[in-house]
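Notes follow the structure.
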Amino acid sequence: MMLPTLQFGDAEHALAKQIRVWIEQHDPGEPPAEYAARMQALIAWQRQLHAAGFVGLSWPVEYGGRGLGLAAEAVLTEELGRSSMPELINRLALYTWGPTLLRFGTEAQRHRLLAPMLDAGEIWCQGFSEPDAGSDLAGIRTSARRDGDALVVSGQKVWTSRAELSAWNALLVRTDPDQPPHRGLSLLIVDMRSPGITVGPLRQMLDEPHFSEVFFDDVRVPATNVLGSVDHGWEVAMAAMGFERGLFVLERSTRLLRRFDHLVQELADRGRRDDQVASRLGVVRAHLDVLQARVYSTLAGQVQGTLRPGATSVDKLLLTVADQELFAAAFDLLGDDAASADHGWSQDLMLSRSVSIYSGTSEIQKNVIARQMLALPRNGA
Amino acid sequence: MTVAADLGDELAAVFDGVLSGTLPQAALLEAAREDRHPTTAYHQAMADVGFFGLRLGTEDGGLDAGGGTLVSLFEVAGARLLPSASHEEALGLAPLLAAAARHGDHDAASWLAQLQAGHLRGGGRTFTPRLDMSASLRTASGDGALVSLDGVWAWLGPDARLAHVATPSWAVVVDLDDAGVRVERHAGAVDPGQGLCRLHARDIAVPSSRLVVGAGASRLVLDWQLAAFAEILGCGAHLLAATVSYAVERRQFGQRIASFQAIAHRLADMTVSVEAVRSALARLVTIAESGPAAAEPLAASLRYWVPSAIRTVCEGAIQVHGGLGFTWEAGLHLHYRRVLQLQAAMGGAFTAATEVGRMYLDRAAEASHV
């Protein structure tokens, strides 16, 4: 049985060339090391890319997109990967919540929310995890109760990336405590400027305030901001996580290919080409090539609607192995140069620990594959 | 121009039916134990459904199968453990004989017809890029070339009359009746019953009709790799499915063992490998349409990745089956053996990975000097 894969035709090659030329002329250079300044530089970069017409390539024209296929998005992602700033700051909106709004959103929600995603005018974050609902997402306790034409939210979220920059939070809350854990949840689009929201930065291993705790103290959210229907938030959240994988993983894999090139160059410059070095590099490169091929299948499957349930967990696990193997190899092969002089190798090695944790730990991904792809029985069965 | 993808699936179902009917596990185990070819009717049955014309154009009475079809069919070949000589006959020998026939080589035309009809056996060896080769070619003055075979490992069918040797830059058909060729039967292969031999020859003359150089040769090598990767995939996918079924049925401690997370996670890891290989082959088929040179970087990575990942799948299958998995009768070793044999044929994991790394290091060194 053959899986589908992305096909790049003349239109995509022309687009790639156009983007490459534009990036060569406009690449702003390496972003500032300091976190807040870096965030602002990334916002400015996305705004610039949008003005050039490169953001929202696959979105419908009526919502500010260009109505092209996902292969065009893949082209953008890969060309961006060659730039100094490969990451789109509002990628959560572009890759996850935009497509989810296009599927589940009302016309009013789409018209209000989609356009500012594209130019990074409104950054999005996502509120799923809680102190007692990490891997066990169905254990969410943050609640919303109906009060007139609003829902009133109380509770606490954690590990919310870019919360301090965000205009909107895609928030998963419990609206019916009497239903089984996966039911009775709703997905609210919450204005982060609402009264009653407190953002408390958490510092990750590199001492950057990359994510936050977010507290909700009787926050009023208009009922028109429910995405999908009340008590059916789990379906919306799962669909969103399905969207998340394709382009997000492609962006990561493109960045890893760029870092692989850096590593090869550093080793070549030092005249390191013995068998041990070459073989370690070869293993890493093979992982990266397989990862990229996997994402092409996933994107093609998304277009065709043939993606099997749980299949994107394969992508996440491949990404994790590729990322952790690459930076472990860099550290092992460069030795002192990685530990001291550093072209970001030790930071990347430390950051790679997060890949097997964020967006569902590797253990959870394996559970998903076991249940959804292999239909294995639950524990005790 | 080529068989459409859906037709590829249809053909794959036909091949699966033929092989499951003619190569039962008991016959495979017996052949492996005695290190001889299976004596069932599989070969004639495969010839009857056109297998040996797989890569021939319709004008040669072939199926004109494209890369996608090749992958679908050889996944079946792996799952059903089609003997290795058949692989060589269909993808190496038959296309070379067809090329020779087009150059007016009447013997080759006659051999091709017999091969397609299932009446003539052959085999051979295909070298993937950057392997140390035990074969060499000297272009003779005039017509043809002189070929030396220094103990080339090859798979030959029973009473093989012909063998091909294909490398990324040249490929030849060798007449095994040639007095200058010595075939040394080899016992004790990791994948027994496949007719593993060593071929010896010193400067034997091969007519130009039976010699292909350049792009034609590298295309043969790429096709062989597509098929070999798919065969390895077929072995892994087959064992994964068998292991999932076993783990769901088998009870210990009063539970289905598949419900234990240690087992479930191992099966999930195996699934990741099988699914990733499927995606990688879809990508390779697409790139292969642009030719062997364009496909080589990915193919090189896959020569490391595909056998390594699927070998681990086979090892997981044996582990999850417990003591049963280690027995001769359960037969899991048959697929494991095929994967090991193909991994070795691609140079082994270390060499395959080293060559990938060297390719990128060389490229970076060149870039620095420009």
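The values are calculated or read from the model by the stated rules, or taken from the named source; none is laboratory data. None of the values given here were measured: they were computed from a predicted structure. Note that each Cβ is placed from the backbone with ideal geometry, even for glycine, and that neighbours are counted across all protein chains shown. Note: areas computed on protein heavy atoms with side chains; ligands, DNA, RNA excluded. Shrake-Rupley method; radii C 1.70, N 1.55, O 1.52, S 1.80 Å.
What is the spread of the Cα atoms of chain A along each of their three principal axes, largest first, in whole Å?
71, 53, 47
If you average the alpha carbon positions of segment A:74-118 and of segment B:24-69, how far apart do those two centres end up, in angstrom?
50
Using the Cβ atoms and a cut-off under 9 Å, what net charge is assigned to the surroundings of residue A:196, where Lys and Arg are +1 and Asp and Glu are -1?
-1
With N set to the residue count of segment A:235-380, report its C-alpha Rg divided by 2.2 N^0.38 Å to two decimal places.
Rounded to two decimals, the normalised Rg is 1.18.
Helix B:67-79 versus the longest principal axis of chain B: what angle, 0 to 90°, nearest 10, using Cα atoms?
60
How large is the translational diffusion coefficient of segment A:124-231 in µm² per second when you combine the Kirkwood radius over alpha carbon pairs with Stokes-Einstein at 10 °C and 1.306 mPa s?
Taking Rh from Cα pairs, D becomes 115 µm²/s.
May I ask you to work out the translational diffusion coefficient for the protein assembly as shown at 20 °C, viscosity 1.002 mPa s, via Stokes-Einstein with Rh from the Kirkwood sum over Cα pairs, reported in whole µm²/s?
Using the Kirkwood radius from Cα pairs, D works out to 76 µm²/s.
Please turn the phi angles of segment B:222-230 into ³J(HN,Hα) values with the Karplus equation 6.51 cos²θ - 1.76 cosθ + 1.60 (θ = phi - 60°), one per residue in order, whole Hz, x for glycine and proline.
3J(HN,Hα) across segment B:222-230, in whole Hz: 5, 4, 4, 5, 3, 5, 5, 4, 5.
Just from its helices, what would the mean residue ellipticity at 222 nm be for chain A, if runs of 4 or more DSSP H residues each count -39500 (n - 2.57) and the sum is divided by every residue, rounded to the nearest 500 deg cm²/dmol?
-15000 deg cm²/dmol
Please list, ordered by chain and number, the residues whose modelled amide H lies under 5 Å from the amide H of residue A:127; skip anything fewer than 5 residues away on the same chain.
For residue A:127, whose amide H was placed from the backbone, the distant partners under 5 Å are A:170, A:171, A:172.
Order the peptides B:114-122, B:85-93, A:167-175 from the highest to the lowest mean number of other Cβ atoms within 10 Å of their residues.
Highest mean packing first, the order is B:85-93, A:167-175, B:114-122.
Pull out a ≥ b ≥ c, the square roots of the eigenvalues of the alpha-carbon gyration tensor of segment A:182-291, then state rounded if a/c is under 1.5, prolate if not and a/b is larger than b/c, and oblate in the remaining case.
prolate
To test your reading of the geometry: what angle, between 0 and 90 degrees and rounded to tens, separates the Cα axis of helix B:332-345 from the longest principal axis of chain B?
40
Just the ratio, please: alpha-carbon radius of gyration of segment B:228-274 over 2.2 N^0.38 Å, N its number of residues.
Numbers: Rg = 12.0 Å, N = 47, 2.2 N^0.38 = 9.5 Å.
It is 1.26.
Please check: in the Gaussian network model of chain B (C-alpha springs, under 10 Å), which one of B:194, B:252, B:25 has the largest mean-square fluctuation.
For chain B, modelled as a Gaussian network with Cα springs under 10 Å, the answer is B:252.
Counting only other chains, and only Cβ atoms inside 10 Å, what mean value do you get across the residues of A:271-277?
4
What is the interface area between chains A and B, defined as buried accessible area summed over both chains with a 1.4 Å probe, reported in Å² to the nearest 100?
Summing both sides, the interface buries roughly 4000 Å².
Would you mind getting the accessible area per residue of the protein assembly as shown, heavy atoms of the protein chains only, 1.4 Å probe, in Å²? If you can, show how the numbers build up before the last one.
Details: 29240 Å² over 751 residues.
Averaged over the residues of the protein assembly as shown, the accessible area is 39 Å².
Please name which of A:201, A:169, A:155 has its Cα lying farthest along the dipole of segment A:124-231 towards the positive end, using unit charges on Cβ (Lys, Arg +1; Asp, Glu -1) and the Cα centre as origin.
A:169
For peptide B:279-290, how many partner chain Cβ atoms fall within 10 Å of a residue's Cβ, on average? Working shown, then result.
Numbers: counts 19, 11, 5, 10, 11, 3, 2, 7, 2, 0, 1, 0.
The per-residue average across the peptide is 6.
Using Cα atoms only, what is the angle between the long axis of helix B:25-34 and the major principal axis of chain B, expressed in degrees (0 to 90) to the nearest 10?
That works out to roughly 60 degrees.
Taking residue A:366 as the anchor, which lysines have their alpha carbon closer than 18 Å to its alpha carbon, excluding any fewer than eight residues away along the same chain?
A:316
Once you charge only the Cβ atoms, +1 for Lys and Arg and -1 for Asp and Glu, what is the size of the charge dipole of the protein assembly as shown about its Cα centre, to the nearest 20 debye?
Its charge dipole is roughly 880 debye.
Just counting partner chain Cβ atoms within 10 Å, what average do the residues of peptide B:261-273 show around their Cβ?
6
Would you work out which of B:347, B:28, B:228 lies farthest towards the positive end of the dipole of the protein assembly as shown? Charges go on Cβ: Lys and Arg +1, Asp and Glu -1.
Of the listed residues, the answer is B:28.
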